[in-house]
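Input: a single structure, listed below in structure tokens.
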Amino acid sequence: MSRCLKGVSGLALVAALFLPGVAQAAQKDVSLGPAKAASKALQSTGSDVNDFFPHEVRVHVGDKVRFVPNGFHTVDLPGRRSRKLPLFTPVAQTISGSVDAAGTPFWFNGQRQLGFNRQLLTSAFGKSRNYDGSKGVLSGLPLAQRPKPMTVKFNKTGTFRYFCDVHLGMSGIVRVVSSTSSVPSAAADRRTVSRQVASTLATAKTLQRTPAPGNNTVDVGAQGKGNVSFFAFIPSTLSVPRGTRVTFRMNASTEVHTATTGPGNPESEPQSYLGQIEAGLQGPVLDPRGVFPSDAPGTLAALTPALHGNGFWNSGALDKDSTTRTVPPANSVLFAAPGTYQLFCMIHPFMHATVTVT
């Protein structure tokens with residue numbers, strides 16, 4: 001022990017041993033979404049969860065929280081704001097030259113292009129920040145191949161709520177207490193996370209039994225307690241007579257989905273028409289065919305294999321986030337010709353439904 005403390009003055013030694021306020025700052029981890037093992041278990045049920053793990057963490061003033069990316073989430077410590085930032089915002093340029101397979105211009109030519117919010121394109125992952133509640137701290141979107149954690153030092157006592165700017169309703173809490181107050185141990189934090197994971201898994205299993213809404217309505221996704229989201233069309237198969245109007249509506253407020261039909265499978269056929277649209281939603285400026293409805297708002301499209309030259313119809317991006325009101329919560333289409341129609345979500349292309357028209 002004497003060798004370890006060699007060169008430390010008596011006063012410094014007393015401070016290090018007996019004054020917790022001058023001891024080295026501690027650090028706790030918060031996972032953005034469930035860790036890999038828990039995520040795999042959730043995905044086996046067709047679900048995922050939009051939450052921070054642990055949802056609430058308690059630290060001493062001067063301590064650090066390491067926000068570990070697991071999934072497509074952000075950390076938004078908002079400063080004096082009271083709500084999250086919008087994920088999508090109009091960009092400067094307008095849409096031009098976008099035509100369908102028949103060569104007819106889409107209605108959204110002349111509209112402002114949509115893209116990811118520019119404020120979210122600057123990444124702080126892999127960096128360190130300080131936070132006292134007076135000025136916001138943003139992680140930005142985790143666009144790197146393997147983003148590293150963002151570490152934040154909390155310099156003021158208080159209760160600080162933070163958000164994910166991708167998923168509406170996803171928030172967490174950091175409680176910062178004085179150096180003389182107690183905080184949970186690492187083992188206690190692990191137990192908290194284990195209970196949180198168990199609760200989300202139980203919710204995910206119940207979502208597998210979500211009933212269909214009926215009345216020729218298809219729910220695009222479902223949501224349960226703790227921001228657990230079920231990634232499926234409900235029902236996933238529907239049979240209707242020709243001339244039936246079917247409504248596709250969002251039923252998961254923390255996600256953004258589409259209901260889209262056309263040539264190809266966007267998950268397994270990347271060079272197909274739908275595959276190219278899905279790929280066009282990966283960059284900072286989004287393919288308008290993927291985010292805008294294929295037909296002008298207020299128009300009930302009549303879907304046949306010839307619509308837009310190749311049987312293309314898109315609900316447009318659907319969500320319930322009031323900060324992106326250019327994105328509606330539902331859309332409808334009239335199935336005007338017999339046949340079998342395959343529908344996908346362009347944002348989560350593994351989501352698939354079949355509508356059979358007789």
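The antiparallel fraction among DSSP beta bridges confined to the chain stands at about 65%. With all pairs of different C-alpha atoms in the average, the Kirkwood value for the hydrodynamic radius of the chain is 22.5 Å. Translational diffusion of region 258-337 was estimated from the Stokes-Einstein equation, with Rh taken as the Kirkwood radius over Cα pairs; at 20 °C and 1.002 mPa s the coefficient is 163 µm²/s.
Solvent-accessible area per residue in region 187-323 equals 42 Å², computed with a 1.4 angstrom probe and all protein chains kept. Quick check for you: which residues of region 201-216 have the amide N under 15 Å from the point 7 Å beyond the Cα of Val240 toward its beta carbon? The answer is 213-216, whose backbone nitrogens lie closer than 15 Å to the label point. Our estimate of slack between Asn216 and Thr356, defined as 0.36 nm per intervening residue step minus the Cα-Cα distance, is 49.2 nm.
Here region 65-171 carries DSSP beta bridges of which approximately 75% are antiparallel, counting only pairs with both residues inside.
Measuring against 30 Å, Cα to Cα, the residue pairs Lys84/Lys153; Lys64/Lys84; Lys40/Lys135; Lys36/Lys320 contain Lys40/Lys135 as the ones spanning a longer distance.
Mean sequence separation of contacting Cα pairs (under 8 Å, at least six apart), scaled by the length of region 197-301, corresponds to a relative contact order of 18 percent.
Protein heavy-atom surface of the chain, 1.4 angstrom probe: 53% of the accessible area is carbon and sulfur, with nucleic acids and ligands not counted. If you take all other residues with their beta carbon under 11 Å from the beta carbon of Ala186, and give Lys and Arg +1 and Asp and Glu -1, the sum is +1. In the chain, Cα pairs under 8 Å separated by at least six residues give a relative contact order of 17 percent. With contributions of -39500 (n - 2.57) from each DSSP H run of at least four residues, the per-residue ellipticity at 222 nm computed over the chain stands at -4000 deg cm²/dmol.
Summarised in one figure, the compactness ratio Rg/Rh of region 25-157, Cα atoms and Kirkwood Rh, is 1.10. Applying 1/(1 + (r/R0)^6) with R0 = 51 Å to the Cβ-Cβ distance of Ser194 and Ala296 gives a FRET efficiency near 0.50. When only Cα pairs below 8 angstrom with a gap of at least 6 residues are kept, region 240-358 shows a relative contact order of 37 percent.
The values are calculated or read from the model by the stated rules, or taken from the named source; none is laboratory data. Given the structure is predicted, the values throughout are model-derived calculations rather than measurements. Cβ sites come from the backbone with ideal geometry, for glycine too, and all protein chains shown count toward neighbours. Just the protein is used for accessible areas: all its heavy atoms, side chains included, with ligands, DNA and RNA removed. Shrake-Rupley method; radii C 1.70, N 1.55, O 1.52, S 1.80 Å.
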